[in-house]
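First up is the structure itself, then whatever we jot down about it.
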Amino acid sequence: MTIKISPSLMCMDLLAFKEQLTFLDAHADFLHIDIMDGHYVPNLTLSPFFMENVRKVSSKPMDCHLMTTDPWMWVPIMAKAGAAWISPQAETINAQAFRILAKIRELGCKPGIVVNPATPLDTLRHYIHLVDKITIMTVDPGYAGQPFIAEMLDKIAEAKRLREEQGLSFLIEIDGSCNKRTYGRLAAAGADVFIVGTSGLFHNHADIGEAWKIMMADIEAATAGSGAAA
């Protein structure tokens with residue numbers, strides 16, 4: 001399967017907002033939007049207002065990752081702002097997972113779920129068939145630039161096995177330290193989507209076109225012979 005690319009817009013150069021988004025609109029598969037509330041994680045990032053401005057420049061699907069203590073409050077706000085995918089944290093929805101996932105779909109969005117490094121996939125077993133994407137965090141959530149947690153390779157492979165065994169079709173997306181040091185291992189384990197941020201894309205070069213070329217060369221070199229190059 002061809003690897004899909006979802007640039008993390010919290011890592012982009014906001015002084016080159018229009019230039020970078022125009023380029024990404026022509027090249028990326030999704031645009032990753034991190035919503036942090038300062039409570040679930042000690043950070044604040046993007047917003048519905050930011051998403052509305054992204055939509056003025058780009059038509060690519062926005063993939064919203066809710067790092068929030070109250071995902072129920074955020075779901076309709078994200079849908080109204082133009083989200084194509086809404087992915088809350090598994091750790092925040094288990095008291096009402098079925099209602100939240102159903103609401104996301106009712107609002108015309110695709111439901112995803114995000115799993116922290118220490119959270120087992122078994123947590124999802126009763127509703128895994130209801131999601132279109134599972135995002136596996138390979139760093140603890142909250143900040144860009146953290147070191148890769150290699151133990152997550154087994155979790156990626158487990159997600160792929162579950163998908164095959166149950167005849168499901170959810171995407172397996174990776175969030176955290178997707179770069180030339182990890183692309184090959186992630187693809188081999190079963191990743192379908194790389195969320196690329198500072199180390200994978202935006203710090204490659206000041207020019208977004210050159211940065212993208214470097215990233216693509218790194219992915220192709222790391223996945224050569226696997227059939228997984230983007």
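Every number in this text was worked out from the coordinates using simple rules, so none of it is lab data. Since the model is a prediction, treat every value here as computed from it, not as a measurement. Reconstructed Cβ throughout: ideal geometry from the backbone, glycine too, with neighbour counts over all protein chains shown.
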Quiz item: Net charge near Glu91, counting Lys/Arg +1 and Asp/Glu -1 over other residues with Cβ under 13 Å of its Cβ?
Solution: -2
Self-check item: GNM flexibility winner over the chain from Ala206, Ala189, Ala90 (Cα, springs under 10 Å)
Solution: Ala206
Self-check item: Under Karplus coefficients 6.51, -1.76 and 1.60, residue-wise ³J(HN,Hα) of the stretch 97-106 in Hz, glycine/proline x
Solution: 4, 5, 5, 5, 5, 5, 5, 4, 5, 4
Quiz item: Once amide H atoms are built 1.01 Å from N in the peptide plane, which residues 5 or more positions from Thr135, or in another chain, come under 5 Å H to H?
Solution: Ile113, Val114, Val115, Glu173
Practice problem: Please give, to one decimal in nm, the separation of the simple spin-label points placed at Glu151 and Ser47, each 7 Å out from Cα toward the Cβ. | Solution: 3.7
Quiz item: For the stretch 1-130, what relative contact order do you get, as a whole percent, if you take Cα pairs closer than 8 Å and at least 6 residues apart?
Solution: 19
Quiz prompt | His27-Trp72 pseudo-label distance in nm [points 7 Å out on the Cα-to-Cβ vector] | solution = 4.2
Self-check item: Fraction of the pair-distance distribution of the chain above 24 Å, Cα-Cα pairs, percent
Solution: 40
Quiz item: Along the stretch 165-181, what does the Karplus equation 6.51 cos²θ - 1.76 cosθ + 1.60 (θ = phi - 60°) give for ³J(HN,Hα), rounded to whole Hz, x for Gly and Pro?
Solution: 5, 9, x, 9, 9, 4, 6, 10, 10, 10, 10, x, 6, 7, 7, 5, 7
Exercise. Could you pull out every residue, at least 5 positions away or on a different chain, whose amide H is within less than 5 Å of the one on Lys4? Hs are placed 1.01 Å off N in the peptide plane, and Pro or chain starts have none.
Key: Val193, Phe194
Quiz prompt | chymotrypsin sites (Phe, Trp or Tyr not before Pro) within the stretch 104-159, DSSP loop, no more than 15 other Cβ atoms inside 10 Å | solution = Tyr143
Exercise. Could you please report the charge total around Arg105, scoring K, R as +1 and D, E as -1 over all other residues with beta-carbon less than 13 angstrom from its beta-carbon?
Key: +2
Practice problem: Taking the Cβ of each residue in Cys178, Cys11 as the centre, tally the other Cβ atoms inside 10 Å and list the residues starting with the fewest. | Solution: Cys11, Cys178
Quiz item: Taking 0.36 nm per residue of separation and subtracting the Cα-Cα distance, what length does fully extending Leu168 through Val57 add?
Solution: 36.6 nm
Quiz item: Measuring from label point to label point, each 7 Å out along Cα→Cβ, what is the Asp13 to Ala224 span in nm?
Solution: 3.0
Exercise. Give the relative contact order (percent, whole number) for the chain; include only Cα pairs under 8 Å separated by 6+ residues.
Key: 20
Quiz prompt | Estimated [θ] at 222 nm from DSSP helical runs (n ≥ 4, -39500 (n - 2.57)) normalised by residues in the chain, nearest 500 | solution = -11000 deg cm²/dmol
Quiz item: Once amide H atoms are built 1.01 Å from N in the peptide plane, which residues 5 or more positions from Lys110, or in another chain, come under 5 Å H to H?
Solution: Trp85, Ile86
Practice problem: Could you calculate the FRET efficiency of Asn94 with His39 from 1/(1 + (r/R0)^6), where r is the beta carbon distance between them and R0 is 25 Å, rounded to 0.05? | Solution: 0.90
